[in-house]
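Step one of this worksheet: look at the structure below.
The values are calculated or read from the model by the stated rules, or taken from the named source; none is laboratory data. Nothing here was measured: the structure is a model prediction, and the numbers come from that model. Neighbour counts run over all protein chains shown; Cβ positions are idealised from the backbone, glycine included. Keep in mind that these areas ignore ligands, DNA and RNA; they rest on the heavy atoms of the full protein, side chains included. Shrake-Rupley method; radii C 1.70, N 1.55, O 1.52, S 1.80 Å.
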There are 2 protein chains.
Amino acid sequence: MNGTEHRKAEVRIRVMDPDNTPASGLRVKADQISHKFLFGCGAFDTVWMQRIEDGERKAFLQDRMNKWLGLFNYGTLPFYWGGYEHEEGKPNTEGLMNAAKWLIDNNVKVKGHPLCWHTACAEWLLKYSNEDILKKQLERIQRDVTAFKGIIDMWDVINEVVIMPDFDKYDNAITRICKEMGRIKLVKTVFAETKKYNPDAVLLINDFNTSESYEILIEGLLEAGVPIDVIGIQSHQHQGYWGKEKLDRVLERFSRFGLPIHFTENTLVSGDLIPEYIVDLNDWQVETWPSTPEGEERQANEMKEMYTTLFEHPLVEAITTWDFNDGCWLKAPSGFVHEDNSLKPSYHMMKKLIHETWETHEELTADADGYINLKGFKGGYKLSSGDKSAEFELNENAEITLRLA
Amino acid sequence: MNGTEHRKAEVRIRVMDPDNTPASGLRVKADQISHKFLFGCGAFDTVWMQRIEDGERKAFLQDRMNKWLGLFNYGTLPFYWGGYEHEEGKPNTEGLMNAAKWLIDNNVKVKGHPLCWHTACAEWLLKYSNEDILKKQLERIQRDVTAFKGIIDMWDVINEVVIMPDFDKYDNAITRICKEMGRIKLVKTVFAETKKYNPDAVLLINDFNTSESYEILIEGLLEAGVPIDVIGIQSHQHQGYWGKEKLDRVLERFSRFGLPIHFTENTLVSGDLIPEYIVDLNDWQVETWPSTPEGEERQANEMKEMYTTLFEHPLVEAITTWDFNDGCWLKAPSGFVHEDNSLKPSYHMMKKLIHETWETHEELTADADGYINLKGFKGGYKLSSGDKSAEFELNENAEITLRLA
């Protein structure tokens, strides 16, 4: 499982001059300009950035998102039912559409999160019968998946199913129907509905539970024919970095299905850790949670080890760190930038990994027949010589012809 | 869920004299002589008792099993592959058959335990490929289920599946095939094979894991069409009595499938408890483990509360306490009798529950047309008057006619 060879491909390119003759002996630059691997982050701020009227605040968020774009090609947008449709029948489709389009315009792939979850759910559902809650859940999926088709083609269909029917912190509509239907029937139903309205979308199941409970659930779902495309694994590590051993164990546990794995919600903090005795992280309520210099070093080093371990695993296709900036969920110092947008060591570390260690830039000379051989990390490339260039995708071993223009 | 009303049935009996005329005004005794509810215990000693040559030791075991019969109507016999077929091709069919027949002759229902398990498995399987291990597992099921059909019609088909593929204390054949096939496919395969050779047998899945992992596994298995008749729950409480709260939680978790529940392996000790930090009970190796007077009081009281809670739950159909006598597994003081067969308070407590509290004995007078009405705990009854009698089963509300003879 080691090494990054599986992240690379080789291409034999016949380089042609603008007049379509072989560019014999031409000196060319091959620069990777995008990644196939999904380096992701929460992109919730794009929603506010699009909407906000205050010019100063808007500029601040634009600065933040520009820094975000310096690292990531993949963003998660919030579709929590309770926030997205706070008042029944008035979904914030426009706000999310603007955010999604801004990301796409900036070459960022977008995932919607989540279509079904017991937390952050709509309060107004509670007045309905279980039958009607399920009906509204499916209508919600139809409406939102249809509206965003072609813009958002990747969905966290359902979130945290392991605990869903047992969740007892407060009454909510989704726990009610999960308790009645059972986990497998509910998951099967919401996946089928999502697939129905966007058959080509990439559909994830997502959970923070990484024990054999989640593994057994996935096995049951696959046996029941649920079209899970990707296994989503949360890794909020507010209580301390898992370490390589646990990471390897989790990878081993969930790779036995042969399905792609996404680390969907990663957190590593650059300050104090939440004590072990806290079971639900939401119970950790603090006034402030400072980032410290030692914490920032630690965070950057843990990021490096974790991202490297995951990038080297053949089934991992995406890693999303949850917070881009400090002070979001639980006020944690969990970002790549401070609250004032200044860069942290983790930002520099990630930039080095993504844009140096795992990115290919080469200078090559075409042979007498115009051929060059390039081996590089999968993604988009620009081949250039002086002011002439051509772009291509390197996702598998291939032979291609490229005319510079 | 409270009370024991659901354990009872009512019958209107027309009592007839031997000459087949209504026994008008006859005074009769109705005595329950057997229980529908399965009060079970490990019956491994019947295997040794049948085989042993030493007369004194045999008499000692016979005395033990006579005391056993004073409480129980349901026994578990050991089919651990490693012990049952220590040498490939030489299964101890005869030994187990003798034991099973002795139990049946004494009106005891017998369960075989287990057909597939990673622990106590045959060493000689390790030399085979996974394909051959599975083949031999299925042949073993065919052979043993067929041989005992009509004698043993209740099987723990597979044991401890939650941990099965992750079990890493030592290499074993069953973990190997479970890892390769996945839990659901293996369970499905061994259940199908058992069903094939004894379609009317009662088939159990059994586990010590009582978390949502086991619940999710069962849901997946049922969705996959595995013919589970009974959910088996182990409750070895060497580390202390669960208490009513946990018992209620476990009952709630596993009753949502609507399937019968058996408590298959119950232990409550009458001495020191194994400390909390021990995870695998097999790691607790002691020279001696004494039973204490306070421990015996505690054990009897815990037995009373636990059996009462389970007996009152409509889906529980059997409770098996694992050890009849002290000094068996882990040398624990876990029995109803001491090692010398002397009775412990838990024995007296169980006798009172089974043969007084939950057993019906009534005196009734037939009306002018010979009718009596009886409401009692489900099971077998003897109706008698002087030296004339008749037997009947009371398992549901009914009207019957009985001729005394």
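Worth pointing out:
- As a length-normalised measure over Cα pairs under 8 Å and 6 or more apart, the relative contact order of chain B settles at 28 percent.
- Remark: the B:Thr357-B:Asn301 segment gains 18.7 nm on full extension, using 0.36 nm per residue and subtracting the alpha carbon distance.
- By the helix-only formula, in which each DSSP H run with n ≥ 4 contributes -39500 (n - 2.57) and the sum is divided by residues, the protein assembly as shown has a 222 nm mean residue ellipticity of -10500 deg cm²/dmol.
- Surface accessible to a 1.4 Å probe, B:Glu193 within the full protein complex, Å²: 30
- R0 of 25 Å, Cβ-Cβ distance A:Lys135-A:His86: FRET efficiency to nearest 0.05: 0.80
- Which listed pairs, of B:Lys149/B:Lys344; B:Lys136/B:Lys196; A:Lys136/A:Lys331, have C-alpha distances above 26 Å, in listed order: B:Lys149/B:Lys344; A:Lys136/A:Lys331
- For B:Lys375, the lysines whose Cα comes closer than 19 Å to its Cα, not counting residues fewer than 8 places off in the same chain, are B:Lys8, B:Lys29, B:Lys36.
- Nm distances between copies for B:Asp340, ranked from closest, using label points 7 Å along Cα→Cβ: 8.3
- Positive-end residue of A:Trp289, A:Phe311, A:Ile274, charge dipole of the stretch A:251-373 with Cβ unit charges: A:Ile274
- When the chymotrypsin sites (Phe, Trp or Tyr not before Pro) in the stretch B:258-291 are filtered for DSSP coil states and for at most 11 other beta-carbon atoms within 10 Å of their beta-carbon, the remaining sites are B:Tyr277.
- For the stretch B:109-214, the list of trypsin sites (Lys or Arg not before Pro) that fall in a loop by DSSP and count at most 15 other C-beta atoms within 10 angstrom reads B:Lys149, B:Lys169.
- Each copy carries A:His6; placing its label point 7 Å along the C-beta direction from Cα gives inter-copy distances of 5.0 nm, listed from smallest up.
- Axis-proximal residue, chain A, for the rotation superposing A on B (Cβ, Å): A:Gly220, 1
- Cβ-vector label at 7 Å, B:Ser211, separations to other copies in nm: 0.2
- Per-residue shielding of B:206-215, expressed as the average number of other chain Cβ atoms within 10 Å of the residue Cβ, stands at 3.
- Rg ratio (alpha-carbon, reference 2.2 N^0.38 Å) - the protein assembly as shown: 1.21
- Here the Karplus relation 6.51 cos²θ - 1.76 cosθ + 1.60, evaluated at θ = phi - 60°, turns the backbone of the stretch A:331-339 into coupling constants of 6, 5, x, 10, x, 8, 10, 6, 5 Hz, with x for every Gly and Pro.
- Most mobile listed residue (B:Asp323, B:Asp105, B:Asp280) in chain B, GNM with C-alpha springs under 10 Å: B:Asp280
- Fluctuation leader among A:Gly243, A:Gly150, A:Gly89 - chain A, Gaussian network, Cα springs under 10 angstrom: A:Gly89
- Take A:Cys41: with every protein chain present and a 1.4 Å probe, its accessible area is about 0 Å².
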